[in-house]
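Here, each number is a calculation from the coordinates, and none is a lab measurement. Not measured: the values here are computed from a predicted model. With ideal geometry, Cβ positions are generated from the backbone for all residues, glycine too; neighbour counts draw on all protein chains shown.
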Amino acid sequence: MTEHIEIREQEEGVQARENLSQKRRRRKMRKNDWELQTMVWLGVLFVAVFCYAPLFGIILAFKDGNNVLNIMNAILYGDWVGWENFRSFLADGEFIDVMLNTLGLNGLMMLINFPAPVLFALLLNELKPVRFKRTAQTISYLPHFLSWVVFGGIISALVNTDTGVLNALLVQSGLVSAPVDIIGDLKYFWGLIIVTSLIKGIGWGSIIYLAAISGVSKDLYEAAEIDGANRLQRVLHVTLPGIAPSVVTFFLLSVSGILNSTVEHILVFQTQTNLSRSQVIDTMVLQYGLNHGMYSYATAIGLFKSVIACGLLVMSNLLCKKLTGKGVY
Amino acid sequence: MKRAAALLIACMLGLAALCGCTPPGSTLVYPDYPNTPADNDSWTYIDEEFTIDWYVDYSWFTYQSTAADIIGQRVKELTGVTINFTSPVQNDSTNLNLMISGDTLPDVISVRAYQQRPAQLALEGYVYPVDELARRWAPTLLDRIEPDIADYYSIGDHLYGLPNCAYSEKYVDKADKWEPNGAMLVRKDWYEWYTSQPDAMDITTKAGLKDAMTRVRAQFQTPSQRVVPMLLDEFTGEGNQSITWLSQYFAAPFEDENGNYVDSRFTDQYFEALTYLSELYGAGLLSGLSNDSDAIGQIISRGEAFVTLVTPQNYTTNFTAAYRGSHNVEYIPLIVRNDAGDDPILQDMTGRGWLLSMITKNCERPDLVIKVFDFLYSEEGQRLTNFGIENDTWRWADEEHTAIEWTDKYVTQKLNGGLENYGLEQLNVLYNPAYVVPLMPVNALQDYELYIKNLKRPLSAFSYRYTMSWPKLDKTTDEYTSVVNAEANCLAVWSEYLPDMISGDTRTQYDTAIAQMQRRGLDNVLAYYAQAYADGKTAAGVERAWIPAAEEYVSPTLRNEDGSYSDTPVGANGDPYYLLG
């Protein structure tokens, strides 16, 4: 019995000493690693200022802050209206169109634009001539460095029905009998967004997957080759499983962002003629919030989107865990 | 760590709550400067130099500062002021909204007079009443603000801003004919080719115009020469001006047969304009509906459009480029009538105003700024900013001071360069065209300038004042706020459906748009306007305001050289009597 007690006291003493030394180590680390600390705290500050502080504004979704001049006055002194702004949004004639556009456009983007960089990275990886590979990579990256305003302006000028080169070529080559209004015609708008997004983002988006591919052990490829696997089989059974964690992570992020649109991308091509196919939640928030001054209404739309996006993230994470055993949390 | 992060977040939330937090209903504080006597022009009492920041909520305003040009220097000599201007990139009011909510409004703002913001800014204490400022520090300005303008823009008992492009009755006689605001112009050589064809139809009819467009395209379109049969203006969040202009050609009324207000968009004539455009669209005769103003300008510059249905004054550089280009493309006005053969009833250039300039509560020296307003609004200020310096660039042509002419120096500099240093016609935020335009000298006009000035003048025979169709609204009531909000929502729906009315099934899209607008309060808007319209007519002592319904209305006939009217009806290209030169 006494032996037990002695052993226990000894163990407790060791534990206490370890705790003390851990605390000392932490304190020492904080003193020595001030550069790291600064970087971390700047990041925390950034998140606090730009991500958490604005959360205070959510109140506006439940107050009467439409067409007010001073937003802070509306937040602090505006009348509570409960769910009125949400009800207005759901009853709005635009609601169905906007949801359809948001989900449809982003859903298609996820189906087409999400796997495209993966595929492109796999193809690049299979290229043997180094010079050609680098040239292809550089060309594919270039559009990323143009802003959407510039890039969109170039595309708009090229496809304009009356002044664009593309339509002139199409008509003169006899492919179409009359110019095609690619920007204005509703049936082409989603295609325009997807194609321009691909052109601009496929090269840049493939970088992360190329990095992941380079991390796959060469031994695995050699082993597969010895086992008689051809190139396609090596891609399917070595490369793809090797980059699966990265793909899953980005897929989850994409799912949570399915209601997020690249506002500047859509705005640059948005005209009155394509509004019924180009108006998505984010452009609606911008239009009602900043342009029309309907702050409460816009906040309610934004909050509605955030809640759904949050739910989607949780669901997709669960699904991924179930299917692949991997998730982001 | 967790505790520290939680504390930080709490602090941020608290800070966010306090940032920009000002109590509602801020009250204006008038600075304690002595009143200015009324015995002389108020700006002559300015004895110090100062700078003001002036925000113009319109992207096409590109003038930046008065510091760099000769007229700006002269303004400084007279008033001591240097004005720095800023303007937004887009006309969506985002900048203005951010400045208001962030309490960063500059000394002076110029906002579109027909929007809700000016009244809201006035009623919530963001801007000084200019009449009150004038009473204290610029009494001579009170005499310069014409009663009809003061009455139209007053909110409650005060006037909070001064408009530009407002045509006061002081300067505009009811008998005067001003050119129309929008116009249908046609490329002259192609038009003459069509009308010279033995089987040409009457181009002033819908069918005739369509036939002309079809045949001109077939005749002149080549791989190197594109033909845009009819060019429409840009579709924006405020609708489309081309459709408005065409509806005026088709005489869409703003009053019914009983003298009650109607929104011309909901008339048979407007619908006829829509169906006609839809028919042209179906035949591939319209320009792209998604063209922006740059693309539209390019088409005009290249002379590719056969018929343009735009607001010509917005594209003067493009019409000039086409005219001065290698093909010397010239456009002339054209009349087209509705199925009933009614005469066009075109809205003339005279209007209630466009930009309203207001002095904000952030202005530290409203006592000085109001004196600058007084100067710029005066006839002296108008002459300086538009014609330049007396006896330097212009001089009086008669002793009664009713006409002016350019000086030799002006003419020389215009031909050889140097005129750009003056900054003429740039400082137009308080522009009074009703005073300036009739005075504008025509000596030394170059051929292309005369051409531009005359582009649509022959259509003056068909243009009339539309001011009664914009009744004064009582902006102090709660109902006004809900009505203008509903109106803005309705306009958003209307502008969204407008292209579809042309490219799709017109009737379906038109009815759907109206149904959606009704859900957004259209009926309340129309009822409010109808009441204001009736009140306006009562105040003016007018029984019928729709032009053809007036007793004195007669179908336009050509005018003789002495100004008298002949018996000959005005032809397809208007009345040449109104041409300058």
Q.
Amide H of B:T51 versus every other amide H placed in the peptide plane: which residues, excluding those fewer than 5 positions away on the same chain, fall under 5 Å?
A. B:T82
Q: At a Cα cut-off below 28 Å, give the lysines reachable from A:K133, other chains included and same-chain residues fewer than 8 away excluded.
A: A:K200, A:K218
(Q) Along the Cα→Cβ direction, 7 angstrom out, place labels at B:T51 and B:N421. What is the inter-label distance in nm? (A) 2.4 nm
Q. What spacing in nm lies between the two simple spin-label points modelled at A:V14 and A:L240, each 7 Å away from Cα in the Cβ direction?
A. 5.1 nm
(Q) Can you compute the FRET efficiency between B:H401 and A:C310 using 1/(1 + (r/R0)^6), with r the Cβ-Cβ distance and R0 = 56 Å? Round to the nearest 0.05. (A) 0.15
Q | lysines with Cα under 27 Å of B:K76, excluding same-chain neighbours fewer than 8 positions away | A | B:K361, B:K371, B:K409, B:K414
Q.
As a footprinting exposure proxy, order B:F266, B:F375 by other Cβ within 10 Å, with the fewest listed first.
A. B:F266, B:F375
Q. So how do A:W148, A:W41 line up by other beta-carbon neighbours within 10 Å, fewest first?
A. A:W41, A:W148
Q: Only Cα pairs under 8 Å and at least 6 apart count here; give the relative contact order of region A:93-293 as a rounded whole percent.
A: 36 percent
Q. How many nm separate the modelled label positions at A:W83 and A:K326, each set 7 Å beyond the Cα in the direction of the Cβ?
A. 4.0 nm
Q.
Helix-only estimate, please: 222 nm mean residue ellipticity of the protein assembly as shown, summing -39500 (n - 2.57) across DSSP H runs of length 4 or more and dividing by its residues, to the nearest 500.
A. -15500 deg cm²/dmol
Q | In Hz, Karplus ³J(HN,Hα) per residue of region B:533-542 (6.51, -1.76, 1.60; θ = phi - 60°; x = Gly, Pro) | A | 5, 4, 4, x, 5, 4, 4, 8, x, 10
Q) Any idea how far the Cα center of region B:514-535 sits from the one of region A:34-82, in Å? A) 37 Å
Q. Taking R0 as 25 Å, what's the FRET efficiency between B:D535 and B:W60 from their Cβ-Cβ distance, rounded to 0.05?
A. 0.15
Q. With Cβ to Cβ distances under 14 Å as the rule, what net charge do the other residues near B:S463 carry (K, R +1; D, E -1)?
A. +1
Q: Kindly write out, for region B:104-113 in residue order, the coupling ³J(HN,Hα) from the Karplus curve 6.51 cos²θ - 1.76 cosθ + 1.60 (θ = phi - 60°), rounded to whole Hz, with x marking Gly and Pro.
A: 10, 4, x, 4, 10, 10, 10, 10, 5, 5
Q: Excluding residues fewer than 8 places away in the same chain, name every one of the lysines whose C-alpha is closer than 26 Å to that of B:K537.
A: B:K170, B:K174, B:K177, B:K472, B:K475
Q. Can you list residues whose amide H is under 5 Å from B:M184's amide H, if they're 5+ apart or on another chain and H is modeled 1.01 Å from N?
A. B:L334
Q: May I ask which residue of B:F61, B:A444, B:W178 lies farthest towards the positive end of the charge dipole of the protein assembly as shown, with charges of +1 (Lys, Arg) and -1 (Asp, Glu) on Cβ and the Cα centre as origin?
A: B:F61
Q. Roughly how many whole Å is it from the C-alpha centroid of region B:60-98 to that of region B:445-469?
A. 29 Å
Q. Any idea what the relative contact order of chain B is, in percent, if you count C-alpha pairs under 8 Å spaced at least 6 apart?
A. 20 percent
Q: Would you mind ranking A:H144, B:H401 so that the residue whose beta carbon has the fewest other beta carbons within 10 Å leads the list?
A: B:H401, A:H144
Q. What is the calculated FRET efficiency for B:D292 to A:R134, with r their C-beta to C-beta distance and R₀ = 51 Å, to the nearest 0.05?
A. 0.85
